[in-house]
Number of protein chains: 2
Amino acid sequence: MAQEDVKLLGTLGSPFVCRVQIALKLKGVEYEFVAQDLQNKSEELLKYNPVHKKVPVLVHNEKPINESLVIVEYIDEAWKGKSILPTDPYQRALARFWAKFIDDKVFLAVWKSVFTIDENERETNIKEVHEAFQFLEDELKGKFFGGEEFGFVDIAAVNIAFWVPMLQEIAGLQLLTNENFPKLYKWSQEFLSKPTIKECLPPRDPIFGIFKGRYESLLASAK
Amino acid sequence: MAQEDVKLLGTLGSPFVCRVQIALKLKGVEYEFVAQDLQNKSEELLKYNPVHKKVPVLVHNEKPINESLVIVEYIDEAWKGKSILPTDPYQRALARFWAKFIDDKVFLAVWKSVFTIDENERETNIKEVHEAFQFLEDELKGKFFGGEEFGFVDIAAVNIAFWVPMLQEIAGLQLLTNENFPKLYKWSQEFLSKPTIKECLPPRDPIFGIFKGRYESLLASAK
């Protein structure tokens with residue numbers, strides 16, 4: 001393409017935004033990061049994502065794309081370079097299935113196993129996280145979900161590698177450890193050690209601080 | 001492919017299964033329909049969809065694919081013939097976005113606006129359905145979501161065309177009418193009149209009867 005204007009509307013610390021950053025980095029796409037304040041949504045965000053009013057939004061030559069997994073597939077199709085999804089239709093279907101599984105079964109369950117006061121609800125959610133992780137543990141055949149190289153499912157799972165360890169530390173939970181899910185744990189270490197991934201991750205300390213603050217407020221409110 | 005063994009594990013009356021039937025019909029794929037009893041799940045279903053234990057499951061040469069939209073994309077990629085998704089990356093992203101929107105914002109809200117006893121909850125859900133339909137109304141630029149021919153979003157929206165009119169009749173609601181969403185209503189009529197779609201829809205009367213029975217049981221239980 002002759003002219004490229006690529007903007008990413010995002011927030012620091014969102015695993016959904018991070019997925020898009022990894023995909024752009026993998027393809028070597030230059031882009032402008034436009035930080036959003038979700039407490040005070042910008043005209044730009046409302047214009048480019050009128051349906052969900054959420055980040056990430058990728059704006060490519062003035063055309064907006066929403067929903068992180070939709071954006072990652074778009075990046076894979078719109079730019080040449082390293083493929084993110086496999087080429088075989090069956091492997092592509094599996095990749096989409098597991099990425100959707102992570103969205104449907106992991107995110108909310110992790111969140112609710114940390115940010116909840118009710119002990120029974122917490123236990124239910126921890127159990128759900130463990131069940132989901134067991135499926136992922138069984139699915140990991142090689143070094144990465146994508147095989148020898150990381151791909152669509154690995155990128156979708158960035159929250160498991162980077163965010164889950166922080167959240168479990170804050171709440172004193174055992175969601176993902178080397179003892180309970182050794183393959184998934186090893187995957188997370190391999191994945192996080194990749195230079196491309198390191199460059200896309202937000203700085204740990206401020207994100208940890210924000211979540212810890214939120215967790216402590218929740219505890220305080222329950223007293 | 002030299003040998004083709006295609007099975008669809010499904011139930012009569014599921015809009016998710018119907019999506020897959022439409023995609024297979026569009027590609028001219030011959031398949032065996034293996035009816036499932038979800039009250040008494042078969043070995044085959046548990047083997048081929050151990051994660052969700054739900055229909056539809058497409059089994060292509062012994063390889064299972066789950067999740068209706070994932071299956072429809074798989075069918076589009078695995079068989080030649082009429083394309084289901086557009087070819088342009090941006091149009092593909094939009095199609096995936098709207099199909100996901102229908103899954104996330106329409107299904108549950110429609111269900112809960114019918115099968116609920118609490119009047120406030122019903123109102124909230126009707127409002128959600130109307131908001132979602134307004135987005136779809138605004139998105140309809142041509143005869144179909146796919147343009148002059150129906151495509152991925154139209155197939156995803158089969159529940160809106162066929163199931164919503166039944167459900168609103170049973171519960172006496174005005175979810176989709178010519179008055180409140182004229183473009184979407186016209187779309188539903190055009191879509192249902194297509195021979196390919198007609199051949200894939202379940203017979204209306206038994207499905208209507210099942211839903212009506214369920215609705216009346218709910219009303220009776222509330223007295």
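The values are calculated or read from the model by the stated rules, or taken from the named source; none is laboratory data. Note that the coordinates shown come from a computational prediction; the quantities given were computed from them, not determined experimentally. Reconstructed Cβ throughout: ideal geometry from the backbone, glycine too, with neighbour counts over all protein chains shown. Only protein heavy atoms, including side chains, enter the accessible area calculation; ligands, DNA and RNA are left aside. Shrake-Rupley method; radii C 1.70, N 1.55, O 1.52, S 1.80 Å.
Of note:
- Relative to one another, the C-alpha centroids of the range A:195-209 and the range A:41-97 are positioned 21 Å apart.
- Among beta bridges that DSSP assigns inside chain A, antiparallel share in %, nearest 5: 70
- B:Y215 exposes around 20 Å² of accessible area when a 1.4 Å probe is run over every protein chain in place.
- Among the GluC sites (Glu not before Pro) within the range A:37-107, those in coil by DSSP and having at most 14 neighbouring Cβ atoms inside 10 Å are A:E62.
- Coil-residue GluC sites (Glu not before Pro) of the range A:114-197, DSSP, other Cβ within 10 Å capped at 10: A:E148, A:E179
- Over the Cα atoms of chain B, the radius of gyration divided by the Kirkwood radius equals 0.97; this is the Rg/Rh ratio.
- Neighbouring Cβ atoms from other chains, within 10 Å of the Cβ of residues in B:72-81, number 3 on average.
- Label 7 Å beyond Cα on the Cβ vector: A:N178 copy-to-copy distances, nm: 7.0
- For the range B:72-172, the spherically averaged projection of the C-alpha convex hull amounts to 7.0 nm².
- Förster-model FRET efficiency, 41 Å R0, B:L12 and B:K183, C-beta, rounded to 0.05: 0.85
- If you run the Gaussian network model on chain B, springs between alpha carbon atoms under 10 Å, then out of B:H52, B:H60, B:H130 the most flexible one is B:H52.
- Trypsin sites (Lys or Arg not before Pro) within the range B:1-110, DSSP loop, no more than 10 other Cβ atoms inside 10 Å: B:K80
- Shape call, the range A:103-223: gyration tensor on alpha carbons, a/c limit 1.5: oblate
- Shortest-first distances to equivalent copies, position B:V6, nm, label 7 Å out along Cβ: 3.6
- Scattering curve values for the range B:180-223, log₁₀ I(q)/I(0), Debye with Cα scatterers, q = 0.23, 0.25 Å⁻¹: -0.82, -0.85
- For the protein assembly as shown: rounded, prolate or oblate by the Cα gyration tensor [a/c cutoff 1.5]: rounded
- Cross-link pairs exceeding 18 Å in C-alpha to C-alpha distance, out of B:K25/B:K194; B:K7/B:K63; A:K183/B:K53; B:K143/B:K183, comprise A:K183/B:K53.
- Copies compared at B:K47 - label distances in nm, ascending, label defined 7 Å from Cα in the Cβ direction: 5.7
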